[in-house]
Amino acid sequence: MKKILSILLVAVLAVSLSNCKGFLDKEPTDAVVAENALATLEDAGVAVNGMYTLLKYYTVFGNYMIQMGDLRADLLVPSEGNYIVYSYDYDPSQNSYFTLWRNFYSTITRANAIIKNIDALEVPAEKQSIKNDYLGQAYAVRAFCYFNLARLYGRPYKFDSGASLGAVLITEPVSPSEARIPRSTVAETYTQIENDITVALGLLSKEKNTGHFNYWAAKFLEAKVALYKGNNDLAYSAAKEVINNGPYSLIPRDEYLASWAEVGNDESIFEGLVNLQSAIDGDNGFGGSFYYSLWFGYDNTGASVVPTKHWRDLFALTPNDIRADWIAYDDPVTGYKHTGEYWLKKFIGNTGFTAFLNNPRYMRLAEAYLIAAEAGKATGKPDADAMLLAVAQRADPSVTAISATIENVEIERQKELIGEGDRFFDLMRRNGHYEKNDPHNPFNVALTWADDRVMLPISSDERIIYPELEQNPGYKK
């Protein structure tokens, strides 16, 4: 084990799964109804709300998934403390912070319980659409979890057409250790994802449903999965359907920075609903959230992660880009000198309550435009440039024309999506080769998609209870 882990890598507060209430939910989102207890539609609603619980906290998208996407890449860097994730210096024995496998499978187990039992629930005809929507959400959440497991524990699909090891595919409400089945390939995992999305699209409501999957979130997921797989025609058409027909719109430039304090804004397709009261009470682990590590503006926040020189230099030629305003500097009036230099002021906190209480943004309309631009350019669509221009011009009105080349799309994705957990996966899905070289970084690390460190190890804890589970290459058994 390495030296004491920083706030980035340690769960400092326990997650309470029994006393929380989700934002705007009448029923507790964290309640989990036993699989044989779906006696009413209300029971099913509680179970569906509970299905989303683990995704939003620090153990998944509230921290670790952002680390895996941004801290493993070249957008964010620890300004002090531990560099384990940044330098890929992890191993299977570091179980305390590689809990992603366990938490994604806990969520899959909840989804599987709903899928298995909701069909037996009898409802009046006028409530059938609600029942269908609940079932569709379960299929969509399962697809979402398997997609992230494939990104974390398998090689990029295009490396070997999905021949490497992927997820353990389970469609019954049991854990991997209970199922005792081998890992499937990445290709087989993608097939499961695609099948689940197809089923979900036939069931889900098209109404906005903040904090939950709806038809448009599933269609967005279809676009993103297709992009990773190299199916650019589907990626383009699915992204364009969200853009053209969904109930979302790009937030105007003069409202954009403030919109990060809004829950369920016009651009948000799917986000996690963190609990305001529980954060005040300190029972949801928000002190261990990634947003805590980004801010320095309160006495009790960390500023232990800062934007890299690479990211800051992206704005050198576009000083009017509003996203450059996310680069904040120490305030000589208040005297805050936690970092001594600069920090990332993108995630300003829900309703302005506190900087580290932010809803993880899983899917935003801006990224749908970027997917349409990239996939559209690859397939010769005439509006590919316009898709990229919509995002670039929103940030900087002086940009009047732009070509949706891979290079330009990549720059816009870096500018727009920093801190949302995508950069590492973007680099790897395109066979990106890069070398970290930041003033804050004492390491000099290069990586390509052929490197075993692209995949996380299966933790030692998992393999103790499930020794048949295949370890990824490059890690001790």
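Before moving on, here are some points about what is shown:
- Matching residues in segment 154-176 - criterion: being out of contact with any strand residue (DSSP E or B) (no Cβ under 8 Å at 6 or more places or on another chain), crowded, with 17+ Cβ neighbours inside 10 Å and not hydrophobic (A, V, I, L, M, F, W, C): ARG155, PRO156, TYR157, PRO173, SER175, PRO176
- Set side by side, the residues ARG155, ARG151 differ, and just one is of a type outside the set (A, V, I, L, M, F, W, C), over 15 Å from the mean Cα position of the chain (by Cα) and over 16 Å from ALA217 (Cβ atoms), which is ARG155.
- When ASN284 is tested against (1) modelled with pLDDT of 95 or more; (2) crowded, with 18+ Cβ neighbours inside 10 Å; (3) over 26 Å from GLY376 (Cα atoms), just one condition goes unmet, and that condition is (1).
- Selection count, segment 369-417, where residues are of a type outside the set (D, E, K, R), assigned to a loop (DSSP other than H, G, I, E, B), out of contact with any helix residue (DSSP H, G or I) (no Cβ under 6 Å at 6 or more places or on another chain) and touching a residue at least 24 places away in the same chain (Cβ under 8 Å): 3
- Residue match in segment 29-46 (condition: modelled with pLDDT of 90 or more, buried (at least 19 other Cβ atoms within 10 Å of the Cβ) and under 15 Å from the mean Cα position of the chain (by Cα)): no
Residues checked against (1) touching a Leu at 6+ places or on another chain (Cβ under 7 Å); (2) farther than 16 Å from MET65 by Cβ; (3) surrounded by 20 or more Cβ atoms within 10 Å (Cβ to Cβ); (4) not hydrophobic (A, V, I, L, M, F, W, C):
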residue: TYR90; (1), (2), (3), (4): no, no, no, yes
residue: THR99; (1), (2), (3), (4): no, no, no, yes
residue: PHE104; (1), (2), (3), (4): yes, no, yes, no
residue: THR109; (1), (2), (3), (4): no, yes, yes, yes
residue: GLU122; (1), (2), (3), (4): no, yes, no, yes
residue: ALA125; (1), (2), (3), (4): no, yes, no, no
residue: GLN128; (1), (2), (3), (4): no, yes, no, yes
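- Matching residues, segment 242-254, being in contact with a helix residue (DSSP H, G or I) (Cβ under 9 Å, 6 or more places away or on another chain) and surrounded by fewer than 18 Cβ atoms within 10 Å (Cβ to Cβ): ASN245, PRO247, SER249, PRO252, ARG253, ASP254
- Close pairs (8 angstrom Cβ cut-off, 6 or more residues apart or separate chains): assigned to a helix (DSSP H, G or I) in segment 190-202, among the β-branched types (Val, Ile, Thr) anywhere: TYR190/VAL225; ILE193/VAL225; GLU194/VAL225; ILE197/VAL225
- Residue check: ALA239 meets all listed conditions (1) farther than 20 Å from ALA111 by Cα; (2) surrounded by fewer than 20 Cβ atoms within 10 Å (Cβ to Cβ); (3) among the aliphatic types (A, V, I, L, M) but one, namely (2).
- Residue within segment 335-349 that is surrounded by fewer than 24 Cβ atoms within 10 Å (Cβ to Cβ), among the acidic types (Asp, Glu), modelled with pLDDT under 95 and under 28 Å from THR210 (Cα atoms) present: no
- Yes/no for LEU8 being assigned to a helix (DSSP H, G or I), modelled with pLDDT under 90 and closer than 30 Å to TYR434 by Cα: yes
- Count - residues of segment 78-119 that are farther than 22 Å from ASP452 by Cβ and either modelled with pLDDT of 95 or more or not in a loop (DSSP other than H, G, I, E, B) (or both): 17
- Selection status of VAL225, modelled with pLDDT under 95, within 20 Å of GLY421 (Cα to Cα) and of a type in the set (Val, Ile, Thr): no
- Of the candidates LYS377, LYS346, LYS381, the single residue that is within 23 Å of the chain's Cα centre (by Cα) and of a type in the set (Lys, Arg) is LYS346.
The values are calculated or read from the model by the stated rules, or taken from the named source; none is laboratory data. Every value quoted in this text rests on a predicted model; they were computed, and no experiment measured them. So basically every Cβ, Gly included, is an ideal-geometry build from the backbone, and we count neighbours across all protein chains shown.
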